[in-house]
Structure formats: C-alpha cells, structure tokens
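**Student:** I'd like to ask some things about the structure below.
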Amino acid sequence: MGPERIRLSGITKAFGALKANDHVDLTLHAGEIHALLGENGAGKSTLMKILYGLLRPDSGEIRINGRRVSLPSPQAARAQGIGMVFQHFSLFEDFTALENIAIPLEGRIADAGLRAQVEAKARHFGLAIELDRPVHTLSAGERQRIEILRALMQEPQVIILDEPTSVLTPDEAEALFATLDTLASEGAGILFISHKLEEVRRLCSRATILRGGKVVAETDPRAVSAAELAALMVGEGVLELRPAGEHALGAPMLQLDGLSVAPDGVHGVALQAIHLTVQAGEVVAIAGVAGNGQSELYAALSGEGGRVTSGQVRMAGQDVTRRDINARRALGAAFVPEARLGQATLPQGPLSENVILSWHATESLGRWLLDTVRIGTVARNVIERFDVRTPSPDPLAAQLSGGNLQKYVVGREIERKPQLMIVDQPSWGVDARAATHIRQTLLDLAAKGAAVLVISQDLDEAMAMADRLAVMHGGHLSAARPVSALSRAEIGLLMTQGESPARGAA
Amino acid sequence: MSFNLALVPRREISLFRQVLTPVIALVVALLIGGLIVWLMGRSPAKAFDVFLREPLTDPWALQEVLLKSTPLMLISIGLIFCFRANRWNIGAEGQFLLGGIFGGGVAIATHGLSGPWILPLMMLAGVAGGMLYAAIPAALRNRFGISEILTSLMLVYVAELLLDYLVRGPWRDPKGFNFPQSVPFTDAAQLQPLFEGGRLHSGFVLALLAVIVAILVFKRSLFGFAVKASGEAPRAANFAGFNEKRITLVVFLISGGLAGLAGIIEVSGQVGQLRPGFGQGLGFTAIIVAFLGRLSPFGAMLSSLVIAVLLIGAESAQVSLKLPFDLTRFFMGLLLIAVLAGESLNRYRLEFRKEPA
Ligand SMILES: Nc1ncnc2c1ncn2[C@@H]1O[C@H](COP(=O)(O)OP(=O)(O)OP(=O)(O)O)[C@@H](O)[C@H]1O
Ligand SMILES: [Mg+2]
C-alpha cells in the first residue's frame with residue numbers, strides 16, 4: 001500500500017435534526033480503490049461532498065497527504081488534488097463535451113491545445129468520447145466518460161466516484177474498471193460508491209461501511225461474501241424476490257403496432273417498426289445496451305416527446321399515439337422516467353407538492369384551491385409504504401438521497417393504482433434491499449392484474465422480474481420471448497448484434 | 001502577477017442573513033443616494049425629508065402614494081406570472097397603453113351618455129386591450145419560436161405611436177385648441193373618489209384584490225404550481241403534462257390583462273382623458289418592482305409602495321429642491337442594484353485571487 005493520501009477523522013454533519021454523518025473516520029492510501037458502502041441515505045454522498053468542499057462539516061478534520069486542510073470550496077479541493085464524479089450528472093446540456101471539460105479548468109478554454117491534451121488522456125485510459133457533440137445528444141455512458149475525463153484532466157491524486165456504474169452497461173462498466181485499475185496502479189487513490197456488491201468485490205481492496213451516518217465496519221470486501229457485505233450495510237439479510245403466484249393474463253393493456261419514431265436530436269436513435277404487446281397481469285422487460293433507442297421508446301410511450309412517424313401506440317385498447325401524457329394516465333397508465341430529479345420531480349418542491357405532478361390528471365386534488373391535506377396524506381403514505389428515508393417530514397426532492405428519491409417516485413406512481421405501469425430503470429442507484437422492494441412491488445402489481453413494462457439496462461434485474469423479455473438494439477426491438485426460454489448467451493447476442501433477420505420477428 | 005475577483009458559492013445561507021439583506025440594501029442605496037445629493041450641492045437631510053418623510057406622513061401625499069402604487073401593483077403582479085414561468089414579458093408598458101386606448105375608446109364612444117355600465121365596460125375593454133396586445137408576443141413565440149423579449153419590447157414603441165396617432169387624428173378633441181388629446185371624460189367615465197374630498201379611487205382596491213388572488217394562486221392552486229414548475233424545471237412540467245405553449249399564452253394573457261386594467265384605471269382615475277405619455281414608463285418601472293419584490297405577490301405589493309413613495313417624493317423634490325426627476329430613476333436603479341447585489345452576496349462570497357500572469 002502506498003502512502004496515506006486522505007485521513008478523515010470524526011467528521012460530523014447534521015441537516016437539521018438528522019445526522020447524515022456521525023463521527024466518520026476513513027483513510028485512503030495511494031494506489032488503493034476503496035469502497036464506500038451503505039444503504040440509501042446512509043450518508044455516503046454527504047461524506048464525499050464534504051471531502052470535495054461542497055459541504056462544510058460541523059466538526060472533524062480532514063488531512064490530505066498528512067497535512068490538515070480546510071476545504072471551503074470545490075476549487076480548494078481540486079487544488080489539493082481531489083476530483084469527483086457525481087451521482088447526478090453535472091454537465092451543461094447545450095455545451096459540447098470538450099467545453100464541459102474546459103469549464104472547471106480555470107483559465108483554460110476549449111481550444112486545440114486542450115483538445116490534444118484531452119485526446120491524449122482519453123487514449124491513455126481507453127475512454128472513447130466524441131468531443132464536439134453537445135452533451136444533450138449523449139447517452140448516460142458517454143456523459144459518464146466526460147465526467148471522468150473532466151476529473152482526470154486536473155491530474156488528481158484522489159478520485160471520488162459516486163455510483164458511477166448505476167447507469168452503465170456491463171461493457172461500459174468493465175471499461176471503467178480497467179480505467180480505474182490503471183489510475184490506481186499509477187498511484188491515485190480512488191473512493192468508489194456503489195450498490196452493486198459484486199463489482200465492489202471485483203474492484204476494491206478495502207471497504208468502509210456506513211449505516212445511519214456512522215461507520216459500522218471496515219473490511220476487505222474480497223474476504224467476505226456479497227451477502228455478508230449486504231448484511232453489514234442494512235443490518236439484516238436482504239429480501240429475496242418472491243415470484244408472483246400463478247395468475248391469469250388479461251386483455252392487452254399496451255400494444256405497439258409497427259411504431260416508428262424519429263430520433264431524439266441529431267444523435268438519437270430512430271425506432272423502426274416496433275411491435276410489442278403487454279397484457280394485464282404480466283411483466284415484460286426490455287433489455288439492451290443504453291443508447292439503442294430506449295429513451296425514444298420511453299418518450300413515445302409516455303407521450304412526453306417522441307415524434308411518431310408511423311405506427312400506433314394503443315393503451316387499454318385505445319389509440320393514444322397523438323394523445324398527451326395525461327390522456328394516457330386517464331386510461332390507467334403510470335410512468336417512471338429515467339431522470340428522477342428534474343423530470344420525475346421538481347427539485348425545489350417538497351415531496352407533497354411533487355405528488356401533484358402525476359396525480360393532477362386523474363385524481364381530484366381540489367377544485368379551485370389545492371387540497372393540501374389530501375396531497376400531504378398521499379405523500380406520507382408513499383413515504384411510509386416505500387420506506388423513503390427523509391431528513392424531515394416533508395423535505396424538498398433535492399434533499400433526498402438518490403435512492404430514496406427513486407423509492408418515492410416509484411411509490412408515488414404505484415399509489416395511483418395503475419393498470420399499466422411503464423418504468424424506465426426501476427432501481428437506478430437503489431440499495432439491494434430497496435431494489436428488491438421496488439421489484440417486488442412491481443411483481444405484486446402485475447399479480448393484481450396490471451400490465452408492467454420495465455426498461456432496464458440491468459440484465460439481472462430484467463431477467464429476475466420479467467415473464468417475457470425483448471431486447472433493444474439499434475432502434476429495433478426483438479420479439480418478446482418467455483424468460484424461461486432464453487439463455488444469457490442468447491440475450492447477450494441480441495444485445496450486441498440484434499435479431500438476425502433469419503429468425504424473424506413474431 | 002494579476003489579481004482577479006471570483007464569486008464562490010456559499011454553501012449555507014442563514015435566515016438572519018436573508019432577513020437582513022433587503023434592509024442593508026435599502027440603507028446602502030440611501031447612503032449612496034445621499035452622497036450624490038450632497039455632491040450636487042443640496043442637503044441630504046432635506047432630500048431625505050422630501051423623498052421619504054413627507055410622502056409617508058402627509059395625508060394628502062399618502063393618498064398620492066397609494067394612487068401611484070396602484071398601476072405598479074397591478075402590472076407587477078401580472079409580470080410575476082410571466083417571470084415565474086421563465087417567460088420574459090418586457091412589454092407591459094405597451095399593454096398598459098393599449099388598456100388605456102381600448103378603455104378610453106369606450107369612454108369616447110359613449111361620450112355624453114351616462115349610466116353605471118360605462119365604467120365596468122371601460123375596465124373590461126382595458127383588460128381585453130392589454131390581453132390582445134400581450135397575445136402577440138406569446139403567439140409569435142409559440143408559433144415561430146421568436147424571442148418574446150424582443151417582440152414584447154418592440155411592441156411598446158408601436159403602442160406609443162398608435163396612441164400618438166389616435167390623439168392627433170381621429171380622437172382629437174375638436175375643442176381642445178389643437179392639443180394632442182381626446183375629449184375630457186365625463187363623470188360617468190371617471191373613477192370616483194372612495195371618500196368625500198379625497199382622491200383615492202377604487203382602482204387601489206382592485207390592485208389589492210389582484211395581490212390577494214395572486215397569493216392564493218401561487219400558494220394553493222394547480223395553475224400556480226404549473227407556472228412554477230414550468231419555470232423551474234421544464235422537463236418536470238412536461239412530465240406533468242402541463243402544456244408549455246398554453247402556459248406561455250396564459251401567463252402573457254394574465255399579465256397583459258392586468259397591465260391593460262392598470263392602463264384604463266390610470267386613464268379613467270388619474271388623467272381623465274387620453275393623451276400621449278400617460279404611460280410614464282410605469283410598465284417598465286413595474287419590472288423593477290417585480291424583482292424588488294423577489295417575484296412574490298406580497299413582495300411586489302410592498303415594493304410598489306416603496307417605489308411609489310420615491311416617485312411622489314421626486315415630484316416634490318423637483319419643486320422644492322430643484323432636483324431633477326431623473327435622479328429618482330437613478331435612485332430606483334440604485335435600489336435594484338443594491339438589492340440584487342445583496343442577493344448575490346447572500347449566495348456567493350467574493351474572493352480575491354492572486355494569479356501569476
Ligand atoms: N441538503 C440536504 N438537506 C437536508 N437533508 C439532506 C441534504 N442532503 C442530504 N440529506 C439527507 O442526509 C441523508 C444522507 O444523504 P446522502 O445523500 O449522503 O445518502 P447516500 O448514502 O448517498 O444515499 P444514496 O445511496 O441513496 O445515494 C439522507 O437522509 C438525506 O435525505
Ligand atoms: Mg448518494
């Protein structure tokens with residue numbers, strides 16, 4: 001192990017009555033990849049924001065390379081050689097990748113000199129990026145690579161990655177791990193936050209585990225099993241997914257007939273004549289590598305966007321191709337979009353107000369004046385039933401930890417008792433227990449007769465939940481087939497090569 | 001070696017700081033204003049007296065303050081709808097003029113008639129005029145994606161010229177010695193004082209009503225929520241199915257309607273006839289008012305009163321101290337800068353940096 005890079009001792013941070021960090025100690029050495037684990041809301045992001053100068057600790061000390069420092073701002077942290085990749089992307093949508101990389105580099109602009117440097121760095125770490133594309137045209141994986149490259153440009157000695165893999169495909173994640181291995185071997189210390197314990201065990205040599213803001217253990221993750229790690233995080237065993245019992249399937253709730261959609265932006269993917277049926281009572285999953293048309297599909301399904309060029313979307317038997325999202329909700333549909341902050345929720349609105357976003361179309365929330373009592377009750381029910389950990393009774397959406405916000409959003413939609421539930425990435429950044437909880441709720445919803453469509457990049461999740469599974473590739477959707485009849489190898493092939501025409505679509 | 005100044009975000013803002021900021025901003029603006037008055041060779045103490053103490057203590061002047069605040073309140077309340085939704089209606093002045101023209105048109109057409117229906121009809125016509133005029137930039141934005149900032153601003157000049165044309169042409173008072181002005185309105189077309197011997201009319205009550213309704217709309221209504229959502233997080237508003245174009249149109253109609261109402265109230269309650277320049281730039285001043293009030297209806301009510309005090313104070317300062325009226329404009333700008341700077345320094349702190357050149 002190399003020399004000590006970071007030593008945090010006795011870090012405490014309270015938000016009102018809630019202690020997000022409670023006397024946390026942590027050390028990081030050069031060349032080490034150190035995992036920071038804990039359930040949603042355990043205080044991982046808070047601790048890392050303190051180390052990156054975004055939050056001021058109430059007490060405790062930070063030592064970098066043995067010297068005690070105070071970090072009043074991210075600039076100060078960067079000057080000390082600390083870089084961070086955030087849980088929620090922090091890129092400017094209208095700027096190009098190169099411009100985004102230039103922004104935090106004080107005194108630099110996106111010129112040829114910078115481009116050469118960035119390209120060299122990208123090559124060295126095997127990060128493929130098209131530097132001139134505006135960020136809003138990029139997939140999550142590509143955005144992630146910009147964030148990482150941006151952090152790397154400052155030659156950091158310590159890099160913090162807050163749930164970097166939750167939006168990555170397996171291949172992208174592998175590539176990231178290779179990058180991190182290279183970095184560590186060159187002497188950087190890496191702090192890595194993830195809810196995917198298998199990858200933690202594959203990558204990290206040490207792990208600090210937080211629970212309720214306190215350090216509860218420090219172990220070598222390779223020396224214990226994933227189940228043991230999970231137990232340390234949540235205090236007890238993780239739930240097992242209970243398959244829904246036998247139940248009859250009902251009428252088709254969602255039908256796509258030859259749906260073609262124009263690409264979303266210059267570098268989007270056009271959807272080509274998609275056929276899919278989801279019946280009441282079943283769970284259908286759409287697997288596939290991100291950026292193969294999933295966002296266009298979601299937008300066309302929800303009616304939030306997606307320019308349909310031909311074909312039809314039918315919900316509960318009715319043609320809704322040209323109807324808006326609320327008309328679709330009125331037919332019993334509910335939607336969980338990919339971005340929980342800023343799309344599924346109003347960041348600066350309290351959770352109670354955020355109920356209105358999806359409820360106002362179908363529920364009576366008061367005629368002239370909003371029925372704040374009812375809205376508050378709904379929010380409280382969601383918080384309670386979905387075990388959303390909140391810092392105060394009715395916090396702003398932006399004050400929730402990432403996983404807890406996801407639980408809230410899914411819960412809010414399920415509380416509407418939908419007949420058709422369409423979920424884009426159900427368990428993004430959600431801890432193992434909560435992920436199981438969300439998946440279980442969706443299975444139960446199907447068992448009670450709703451049609452459920454899950455778009456997921458997480459193949460394990462897709463396979464664990466779905467009755468039938470289809471794969472998206474290059475804007476084409478393979479025929480949905482029973483999961484029991486599919487092997488991982490087959491799915492992998494579909495994900496990388498699409499459906500061979502010989503096999504044909506059903 | 002070069003120095004530069006950087007704004008570094010503060011991570012936490014204390015409540016104390018938030019409360020104190022507007023107060024300090026006001027004090028700083030007063031000090032700078034006093035300094036300028038002193039440099040112009042007048043007594044700052046006297047100016048303070050004329051600008052602030054008199055309008056607030058003399059009952060007659062106090063009425064004038066409330067009268068002056070009426071259009072400011074109405075227009076700024078409307079503007080808050082636009083600004084909260086992140087739509088930029090800079091043309092309230094034009095909508096104000098059109099309200100006066102439409103309502104005044106009714107008064108001119110019914111000249112010589114009497115009846116209690118005339119005033120309400122004028123008010124409705126004023127609202128309609130402002131709405132129609134505000135619908136133009138909204139429609140251009142919705143249909144062609146043209147920036148509403150430019151179109152709404154440009155239409156102010158069109159409105160001024162239209163007013164000019166009307167009072168010099170078709171609507172000129174034949175007995176008006178060729179002055180560019182319409183016939184004086186009859187009593188049936190003028191807002192009457194609320195109490196005997198006073199000047200304050202029911203327009204002020206309408207303005208207070210608008211404040212209360214706006215407070216309710218933003219605190220408790222679905223529409224208010226949709227406006228906020230659309231301004232703060234357009235993607236979330238889209239997820240909620242709030243139609244972006246409809247919101248654009250509606251917030252422009254509301255703010256145009258209120259500006260138009262303010263216009264006819266000014267014409268009918270203060271001026272008593274149509275003549276060029278009755279706008280007095282109130283539609284632009286209301287933008288400052290809306291921001292001074294931090295885009296909250298209650299704040300806009302308070303800042304309407306503050307600005308009205310300054311405007312009335314300025315009128316008497318012109319007479320008693322021979323201070324130019326533009327000094328007030330300057331002082332309003334100063335106040336806005338002080339408040340905005342205070343807000344920024346609340347959220348950011350200044351940092352000096354040394355850098356090797
Ligand atoms: N700005 C804030 N104001 C109030 N409470 C906050 C704020 N930021 C975080 N919290 C609270 O502090 C706790 C810890 O949050 P944090 O984001 O550190 O969790 P986390 O471990 O990163 O969780 P996740 O895995 O879900 O991302 C949570 O209960 C959260 O609601
Ligand atoms: Mg987090």
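**Student:** Label-point separation (nm) for A:Ser487 and A:Asp94, each offset 7 Å from Cα along Cα-to-Cβ?
**Tutor:** The modelled label-to-label distance comes out at 5.2 nm.
**Student:** Right, next: Rounded to a whole number of µm²/s, how large is the Stokes-Einstein D of the protein assembly as shown at 25 °C and 0.890 mPa s, given Rh as the Kirkwood radius over C-alpha pairs? Intermediate results must be reported in sequence, preceding the final value.
**Tutor:** Working: Rh = 30.7 Å.
D = 80 µm²/s.
**Student:** Accessible area per residue of the protein assembly as shown at 1.4 Å probe, in Å²? Intermediate values should be presented prior to the final figure.
**Tutor:** Numbers: 36370 Å² over 863 residues.
I get 42 Å² per residue for this part.
**Student:** Describe numerically, in nm with one decimal, the distance between label points set 7 Å from Cα along Cα→Cβ at B:Asn346 and at B:Leu31.
**Tutor:** In this crude spin-label approximation the distance works out to 1.9 nm.
**Student:** In region A:414-506, which GluC sites (Glu not before Pro) are in a loop and have at most 14 other Cβ atoms within 10 Å, using DSSP for the loop call? Present the calculation step by step, with values, prior to reporting the outcome.
**Tutor:** Details: sites: A:Glu415, A:Glu461, A:Glu490, A:Glu499; in loops: A:Glu415, A:Glu499.
When the GluC sites (Glu not before Pro) of region A:414-506 are filtered for loop state and at most 14 Cβ neighbours within 10 Å, nothing remains.
**Student:** Straight-line reach from A:Lys448: which aspartates and glutamates fall under 16 Å, measuring Cα to Cα and dropping same-chain residues less than 8 apart?
**Tutor:** The reachable aspartates and glutamates, counting only those whose Cα sits under 16 Å from A:Lys448, are A:Glu246, A:Glu282, A:Glu413, A:Glu415, A:Asp467.
**Student:** Starting from the Cα-Cα distance between B:Met154 and B:Arg10, subtract it from 0.36 nm times their residue separation and give me the gain in nm to one decimal.
**Tutor:** 48.0 nm
**Student:** So, one more: Extension gain A:Gln312-A:Ala227, at 0.36 nm per residue separation less the Cα-Cα distance, in nm? Intermediate results must be reported in sequence, preceding the final value.
**Tutor:** On the way: separation 85, 0.36 × 85 = 30.60 nm, distance 4.52 nm.
That pair, A:Gln312 and A:Ala227, stretches by 26.1 nm at full extension.
**Student:** Separate question: Which residues of region A:359-376 bury at least 40 Å² of accessible area once all protein chains are present, versus their chain alone (1.4 Å probe)?
**Tutor:** Listed by number, the residues meeting the 40 Å² cut-off are A:His360, A:Leu369, A:Leu370.
**Student:** Same structure, new question: Using a 1.4 Å probe and counting only protein heavy atoms, how much accessible surface gets buried when A and B come together, both sides summed, in Å² to the nearest 100? The partial results should precede the final answer.
**Tutor:** Values: alone 20730 and 18010 Å², together 36370 Å².
Summed over both sides, the interface buries about 2400 Å².
**Student:** Just the number, please: percent antiparallel of the DSSP beta bridges in chain A, rounded to the nearest 5.
**Tutor:** Numbers: 41 of 76 bridges.
Bridges in chain A are about 55 percent antiparallel.
**Student:** Also: Counting pairwise Cα distances across region B:1-159, what percent come out greater than 26 angstrom? Working shown, then result.
**Tutor:** Details: 7285 of 12561 pairs.
Result: 58 percent of Cα pairs exceed 26 Å.
**Student:** Based on the Cβ-Cβ distance from B:Lys46 to A:Ala217, what FRET efficiency comes out when R0 is 51 Å, to the nearest 0.05?
**Tutor:** Values: r = 74 Å, r/R0 = 1.45.
For R0 = 51 Å, the calculated efficiency reads 0.10.
**Student:** Helix B:118-144 sits at what angle to the longest principal axis of chain B, using alpha carbons and giving 0 to 90 degrees rounded to 10?
**Tutor:** That works out to roughly 50 degrees.
**Student:** What are the semi-axes of the equivalent ellipsoid for region A:214-323, taken as the square roots of 5 times the Cα gyration tensor eigenvalues, largest first, in whole Å? Numbers along the way, then the final one.
**Tutor:** Working: eigenvalues 317, 94, 24 Å².
Equivalent ellipsoid of region A:214-323: 40, 22, 11 Å, largest first.
**Student:** Kirkwood hydrodynamic radius (Cα pairs, Å) of region B:43-322?
**Tutor:** 19.2
**Student:** Still on this model: Of all accessible surface on region A:350-448 at a 1.4 Å probe, what whole percent is carbon and sulfur?
**Tutor:** Working: 1800 of 3580 Å².
Taking all protein chains in place, region A:350-448 shows 50 percent carbon and sulfur surface.
**Student:** Just to be sure I follow: if Rg is taken over the C-alpha atoms of chain A and Rh is the Kirkwood radius over the same atoms, what is Rg/Rh?
**Tutor:** Values: Rg = 23.0 Å, Rh = 23.8 Å.
Ratio of gyration radius to Kirkwood radius for chain A: 0.96.
**Student:** Of A:Lys407/B:Lys228; A:Lys49/B:Lys245; A:Lys196/B:Lys219; B:Lys68/B:Lys245; A:Lys13/A:Lys121; A:Lys49/A:Lys407, which sit over 31 Å apart, Cα to Cα? Before the final figure, lay out each step's value.
**Tutor:** Values: A:Lys407/B:Lys228 24 Å; A:Lys49/B:Lys245 39 Å; A:Lys196/B:Lys219 42 Å; B:Lys68/B:Lys245 34 Å; A:Lys13/A:Lys121 36 Å; A:Lys49/A:Lys407 22 Å.
As for pairs spanning more than 31 Å Cα to Cα, those are A:Lys49/B:Lys245; A:Lys196/B:Lys219; B:Lys68/B:Lys245; A:Lys13/A:Lys121.
**Student:** Let me ask you something else. Can you list the residues of region B:177-226 whose accessible area drops by at least 20 Å² going from the chain on its own to the full set of protein chains, with a 1.4 Å probe?
**Tutor:** Residues of region B:177-226 that lose at least 20 Å² of accessible area once the other chains are added: B:Leu216, B:Arg220, B:Ser221, B:Leu222, B:Phe225.
**Student:** Can you compute the FRET efficiency between B:Glu196 and B:Leu62 using 1/(1 + (r/R0)^6), with r the Cβ-Cβ distance and R0 = 22 Å? Round to the nearest 0.05.
**Tutor:** 0.85
**Student:** Could you compute the FRET efficiency for B:Ala135 and A:Asn65, with r as their C-beta to C-beta distance and R0 at 56 Å, rounded to 0.05? Before the final figure, lay out the partial values.
**Tutor:** Working: r = 64 Å, r/R0 = 1.14.
Given R0 = 56 Å and the Cβ-Cβ separation, E is 0.30.
**Student:** Let me ask you something else. Give me D for region B:90-204 in µm² s⁻¹, whole number, from Stokes-Einstein with Rh from the Kirkwood sum over alpha-carbon pairs, 37 °C and 0.692 mPa s. Could the numbers behind the result be given before it?
**Tutor:** Values: Rh = 15.6 Å.
Answer, rounded: 211 µm²/s.
**Student:** Also, quick follow-up: Taking all protein chains as present, what is the carbon and sulfur share of the accessible area of region A:4-234, in % to the nearest whole number, probe 1.4 Å? Present the calculation step by step, with values, prior to reporting the outcome.
**Tutor:** Values: 4420 of 8750 Å².
The nonpolar share, carbon plus sulfur, comes to 51 percent.
**Student:** Another question about this same structure. Pick out, in residue order, every one of the trypsin sites (Lys or Arg not before Pro) in region B:156-196 that is DSSP loop and has at most 11 other C-beta atoms within 10 Å; say none if there are none. Numbers along the way, then the final one.
**Tutor:** On the way: sites: B:Arg168, B:Arg172, B:Lys175; in loops: B:Arg172, B:Lys175.
Here the trypsin sites (Lys or Arg not before Pro) that fit, given the DSSP loop and packing criteria, are B:Lys175.
**Student:** In addition: Using only the alpha-carbon atoms, how far is helix B:59-84 inclined from the longest principal axis of chain B? Give it as 0 to 90 degrees, nearest 10.
**Tutor:** Between helix and principal axis, roughly 70 degrees.
**Student:** Need the full-extension length gain, A:Glu119 to A:Ala76, defined as separation in residues times 0.36 nm minus the C-alpha distance. One decimal, nm. Can you show the working numbers first?
**Tutor:** Details: separation 43, 0.36 × 43 = 15.48 nm, distance 2.62 nm.
Net length gain for the segment: 12.9 nm.
**Student:** How would region A:156-216 be classified by its alpha-carbon gyration tensor: rounded, prolate or oblate, with rounded meaning a/c under 1.5 and the a/b versus b/c comparison settling the rest?
**Tutor:** Judged from the Cα gyration tensor, region A:156-216 comes out oblate (a/c at least 1.5, b/c at or above a/b).
**Student:** Still on this structure: Using only the alpha-carbon atoms, how far is helix B:148-168 inclined from the longest principal axis of chain B? Give it as 0 to 90 degrees, nearest 10.
**Tutor:** In chain B, helix B:148-168 runs at an angle near 30 degrees to the longest axis.
The values are calculated or read from the model by the stated rules, or taken from the named source; none is laboratory data. Please read these numbers as outputs of a predicted model, since none were measured by experiment. Ideal geometry is used to build each Cβ from the backbone, glycine not excepted, and the neighbour counts take in all protein chains shown. SASA here: full protein model, heavy atoms, side chains in, ligands and nucleic acids out. Shrake-Rupley method; radii C 1.70, N 1.55, O 1.52, S 1.80 Å.
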